Amino acid sequence: MTETLPATRAEYCVIACADAWRGNGEVLASPMGAIPSLGARLARRTFSPDLLLTDGEAVLVGPDGQTEGWLPYRQHLALVTGGKRHVMMGASQLDRFGNQNISCIGDWRRPDRQLLGVRGAPVNSVNHPVSYWVPRHSPRVFVAKVDMICGVGYDSAAAAGPSATRYHRIPRVVTDLAVLDFETPDRAMRLASVHPGVTVGQVRDATGFPLVLPDEVPHTREPTAVELRLIREVIDPEGRRDREVPAA
Amino acid sequence: MTDKTMTPDDVAARLRSGMTLGIGGWGSRRKPMALVRALLRSGVTDLTVISYGGPDVGLLAAAGRIRKLVAPFATLDSIPLEPHFRAARQRAAFELTEVDEAMFMWGLRAAAHRLPFLPVRAGIGSDVMRVNPGLRTVTSPYEDEETLVAMPALRMDAALVHVNRADRQGNGRYLGPDPYFDDLFCEAADTAYVSCEKLVDGFPATALQTLLVKRHTVTGVVETPYGAHFTSCVPDHGRDEAFQKLYATTPWPEFAERFLSGPDEKSYLSAVHAWREEQR
């Protein structure tokens, strides 16, 4: 009886990612990374049945992979600007106000490490909700200042004016340790919950800037029995989640 | 009607150093690789390359042919980071105009529509504005008075694209799931060269919505089976993952000597075939 086994760290991460799309309605859930993908599919199968999902190429698919629509890149970019999307992107660097970098590390003119490039982060972040997924929470990722702003953070959007803030929102950041959000007066990053088995001190030590800490930090919620069964038997029987976030 | 068929090397012979060159496809998908290889055999250099970058960018960067790159990324898809692009960037080997994916698309559209720019809600608030100090904003003349980025037209001297089927006049058909932006590349360029997996004499009446590239935007047509190799060109062939891995892990001089030093595209395919035999 797999249901009797307690949830693993990776499973808490799947749950925390899935909850990002709760209440989103009929929008495209665009997950980057294994655990956000499992989370989006879990949300689609349970509490957010109207979500749209893609096969990672040009096809919109139902929960069992059946075709329900066509979304090639140019239509995908149009959908982005129309706002009917909530992406969960990765981040090589992320700062206190949610500025994200996936372009390069070091001086942009001659980087120490060239990464992907800005990709769609600038257009995503000023057009629809953008959450982030960080599989290894560390001070290398959570930095005081990102080297290149790709995804726009709250302070940068405010400085750029109304056309940047109009549709800008960063609902949450999920990591292997915790869930973070920006529900603070100045939109500084706050520790929203820690996954069971993680301490607040651990998260603080793994973060390269001061986090806003509520008086009491709750635990990330428990999966329901139905959710656990779906993750283990239907959505991820091969255990992709454990390869992205190994057992603590 | 004009027969526009030519060889990959005919195409390279029509390109000149210093040109602005658009390359179709996306990442490591349906790239006009046979035309890029012909370019590598030629002496053409000092290029401004406009691309949703994949190994086209990696190859040209490794060979030192790029003066300036306009791109939102360079990736091999199944291998996220393009190693030769990375290496070239880390030694500041070329100038980079790094723009967002949507800004790039609006640049293509502006060029295709003969507009100087198009307004886009992207870039603003990000460091795309910092690293491209030439980018300007535009204020809406209507009541909203929003400030948006004025993405300049990405007009090009020549475009290179690869499709599944084409006729001798330059009409091109794609059979995969995504058109990418290949028609826009052709419309945004003064000249455009289309390579195809297979030349055909006509198209079935049921093909209408897959007839992507129009002949009035095309200068030359090249039949090159496996012309997208090692990138994907579904359903004709998928990405050659084993070969892509070889490309990504072999030191550049060694790779270039073994696969790119022959006199034509046929010698490339023979070298790939010989390598594959060794793997059996």
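The values are calculated or read from the model by the stated rules, or taken from the named source; none is laboratory data. Predicted, not measured: the structure shown is a model, and the values here were computed from it. A quick note on method: Cβ atoms are made from the backbone with ideal geometry, for glycine too, and the neighbour counts reach across all protein chains shown. When the accessible area is computed, the model is the full protein with side chains, heavy atoms only, and any ligands, DNA or RNA have been set aside. Shrake-Rupley method; radii C 1.70, N 1.55, O 1.52, S 1.80 Å.
Residues B:Asp3, B:Asp182, sorted by accessible area with the largest first, give B:Asp3, B:Asp182 [1.4 Å probe; ligands and nucleic acids excluded].
Computed over the Cα atoms of segment B:32-140, the ratio of the radius of gyration to the Kirkwood radius (Rg/Rh) comes to 0.99. Between A:Lys84 and A:Glu26, the modelled labels are 0.7 nm apart [label points 7 Å from Cα along Cα→Cβ]. Scaled against 2.2 N^0.38 Å for its residue count N, the alpha carbon radius of gyration of segment A:99-248 is 1.15. Close amide-amide hydrogen proximity is noted between B:Thr97 and B:Leu69, B:Val70, B:Ala71, each under 5 Å apart and 5 or more residues distant or on a separate chain (H modeled in the peptide plane; Pro and chain starts excluded). Normalised by 2.2 N^0.38 Å, where N is the number of residues, the alpha-carbon radius of gyration of segment B:181-263 equals 1.36.
Scanning residues 5 or more positions from A:Ser30 or on other chains, those with amide H under 5 Å from its amide H are A:His86, A:Val87, A:Met88, with H placed 1.01 Å from N in the peptide plane. Applied to segment A:178-189, the Karplus parametrisation 6.51 cos²θ - 1.76 cosθ + 1.60 on θ = phi - 60° returns per-residue 3J(HN,Hα) values of 7, 10, 10, 9, 10, 7, 9, x, 9, 6, 7, 5 Hz, with x for Gly and Pro.
Summarising the amide proton neighbourhood of A:Arg113: residues at separation of 5 or more, or on other chains, whose placed amide H is nearer than 5 Å comprise A:Ile105. In nm, to one decimal, how far is the modelled label at B:Thr5 from the one at B:Leu175, with both set 7 Å along Cα→Cβ? My value for the distance between the label points is 1.8 nm. Residues of segment B:127-176 that bury at least 30 Å² of accessible area when the other protein chains are present, relative to the chain alone (probe 1.4 Å, heavy atoms, ligands and nucleic acids excluded): B:Asp127, B:Arg130, B:Val131, B:Glu146. For the protein assembly as shown, the equivalent ellipsoid derived from the alpha-carbon gyration tensor has semi-axes of 41, 26, 23 Å in decreasing order. A simple spin-label model places the labels of B:Ala13 and B:Val138 4.2 nm from each other, with each point 7 Å out along Cα-to-Cβ. Along its principal axes, segment A:107-156 has C-alpha extents of 31, 26, 21 angstrom, given from the largest down.
Remark: segment B:128-141, residue by residue, has Karplus-estimated 3J(HN,Hα) of 4, 6, 6, 7, 10, x, x, 5, 10, 9, 9, 9, 4, x Hz, where x stands for each Gly or Pro and the curve is 6.51 cos²θ - 1.76 cosθ + 1.60 at θ = phi - 60°. The residues of chain B have, on average, 40 Å² of accessible surface per residue, using a 1.4 Å probe with all protein chains present. Calculated on the alpha-carbon coordinates, the convex hull of segment B:138-280 measures out at 196 cubic angstrom per residue. Remark: accessible surface ordering of B:Glu82, B:Glu143 (largest first) is B:Glu143, B:Glu82, probe radius 1.4 Å. The GNM of chain B, with springs linking C-alpha atoms under 10 angstrom apart, assigns the highest mean-square fluctuation among B:Arg30, B:Arg114, B:Arg65 to B:Arg114. Shown is the FRET efficiency for B:Arg114 and A:Arg229, computed with R0 = 56 Å from the Cβ-Cβ distance and rounded to the nearest 0.05: 0.45. Across all directions, the shadow cast by the convex hull of segment B:131-192 built on its C-alpha atoms averages 7.2 square nanometres. For segment A:196-246, the list of GluC sites (Glu not before Pro) that fall in a loop by DSSP and count at most 13 other C-beta atoms within 10 angstrom reads A:Glu216, A:Glu238.
Remark: segment A:76-83, residue by residue, has Karplus-estimated 3J(HN,Hα) of 4, 5, 5, 4, 4, 6, x, x Hz, where x stands for each Gly or Pro and the curve is 6.51 cos²θ - 1.76 cosθ + 1.60 at θ = phi - 60°. For the residues A:Ser103, B:Ser261, A:Ser92, a 1.4 Å probe over the protein chains yields an accessible-area ranking, largest first, of B:Ser261, A:Ser92, A:Ser103. Counting Cβ atoms of other protein chains within 10 Å of each residue's Cβ and taking the mean over peptide B:25-32 gives 1. Based on DSSP H segments of at least four residues, each scored -39500 (n - 2.57), chain B has a per-residue ellipticity at 222 nm of -8000 deg cm²/dmol. One compactness figure for segment A:1-134 is 1.14, namely its Cα radius of gyration divided by 2.2 N^0.38 Å. Quick check: at a probe of 1.4 Å, how many percent of the accessible area of the protein assembly as shown sits on carbon and sulfur atoms? Carbon and sulfur atoms account for 52 percent of the accessible area of the protein assembly as shown. If R0 equals 35 Å, the separation of the Cβ atoms of B:Leu208 and A:Asp242 corresponds to a calculated FRET efficiency of about 0.15.
Among the residues of B:103-112, the average count of other protein chain beta-carbon atoms within 10 Å of the residue beta-carbon is 2. When accessible surface is computed with a 1.4 Å probe, chains B and A are found to bury approximately 3600 Å² between them, both chains counted.
P(r) tail, chain B: Cα-Cα pairs separated by more than 27 Å, 38% of all pairs.
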